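Heads up, the thing below is written out as structure tokens.
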Amino acid sequence: MSAVVIVAFILLHLLNHLFALQGISEHIQFMDKLRVIYRNAVAESLLLLCVLFQVGSGVYFAWKRRGQRRGFFEKAQVISGLYLAYFFLNHVGAVIYGRWWLGLDTNIYYGIAGFHTDPFQFYFVPYYFFAVVAVFVHIAAALHWLTRNTLGEKARKWLSVLVIVLGVLVSNILMDAFCGVFYDVEIPEEYSAIYRQMVQ
């Protein structure tokens with residue numbers, strides 16, 4: 001159940017990010033519509049509990065089954081899962097810090113300010129790139145296992161590979177948008193100041 005909640009939220013989140021291809025204002029407008037659904041105490045508490053449960057159980061089973069996984073997709077599942085656990089803990093912590101400690105609107109500007117401030121882009125670009133790829137790798141590994149009784153091995157393999165390739169393409173496009181390849185991105189002062197203070 002927790003995995004279903006998280007996957008649904010992630011897919012909506014990625015859909016929201018694809019609006020950045022049109023522009024920052026379009027991204028924020030769609031985000032405001034989504035916030036009507038999840039920006040409330042009940043939904044946020046449920047989502048946080050699901051994330052903590054999924055991270056905790058994922059790390060536990062990764063440790064418990066260490067050395068037992070065979071084949072590319074089994075290993076890819078645990079590697080992508082551990083990276084997502086790292087990402088979720090960092091991302092959720094950053095959002096909580098930004099909202100409650102800094103008093104900022106944790107919109108796309110908060111998320112990509114590091115992309116536009118030296119030298120932080122060298123961390124944040126790969127950090128976000130591999131997070132998106134890891135989502136698709138994790139889904140691909142799950143599909144490979146779920147279709148074990150319905151598809152042949154070759155079909156299962158190619159289906160999962162196509163999902164991973166799609167993830168790499170989506171992640172590349174999103175990173176281009178976040179980095180300002182398609183249009184100029186101007187980060188408001190209150191967001192860029194967070195990073196400039198760290199290097200002064």
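Bear in mind these aren't lab numbers, they're just calculated from the coordinates by the rules spelled out. For clarity, every value in this text was computed on a predicted model and none was experimentally measured. Cβ placement follows ideal geometry from the backbone for every residue including glycine, while neighbour counts extend to all protein chains displayed.
In this calculation the C-beta distance from residue 96 to residue 118 is compared with R0 = 30 Å, giving a FRET efficiency of 0.70. For region 68-135, trypsin sites (Lys or Arg not before Pro) meeting the loop criterion (DSSP other than H, G, I, E, B) and having at most 15 other Cβ atoms within 10 Å: 69, 70.
The label point for residue 179 and the one for residue 14, both projected 7 Å from the Cα toward the Cβ, are 2.0 nm apart. When only the Cβ of Lys, Arg, Asp and Glu is charged (+1, +1, -1, -1), the dipole of region 132-200 relative to its Cα centre reaches about 720 debye.
In debye, nearest 20, what is the charge dipole magnitude of the chain about its Cα centre with +1 on Lys and Arg Cβ and -1 on Asp and Glu Cβ, if you could check? Using only the charged Cβ atoms, the result is roughly 1340 debye. Region 132-175 gives an Rg/Rh value of 1.05, both radii derived from C-alpha positions and Rh following Kirkwood.
Scaled to the globular estimate 2.2 N^0.38 Å, the Cα spread of region 54-199, given as radius of gyration, is 1.24. With θ taken as phi - 60° and the Karplus curve 6.51 cos²θ - 1.76 cosθ + 1.60 applied, the whole-hertz 3J(HN,Hα) list for region 14-25 is 5, 4, 4, 5, 5, 5, 5, 5, 7, x, 5, 5 Hz, x standing for glycine and proline. Between the residues 4, 25, 170, the greatest Cα displacement towards the positive end of the dipole of the chain, with unit charges on the Cβ of Lys, Arg, Asp and Glu, is found for 4.
Of the residues 86, 123, 109, the one whose Cα sits farthest toward the positive end of the charge dipole of region 76-200, with +1 on the Cβ of Lys and Arg and -1 on the Cβ of Asp and Glu, is 86. For region 105-200, the set of trypsin sites (Lys or Arg not before Pro) satisfying both a DSSP loop assignment and a count of at most 16 other C-beta atoms within 10 Å is given as 148.
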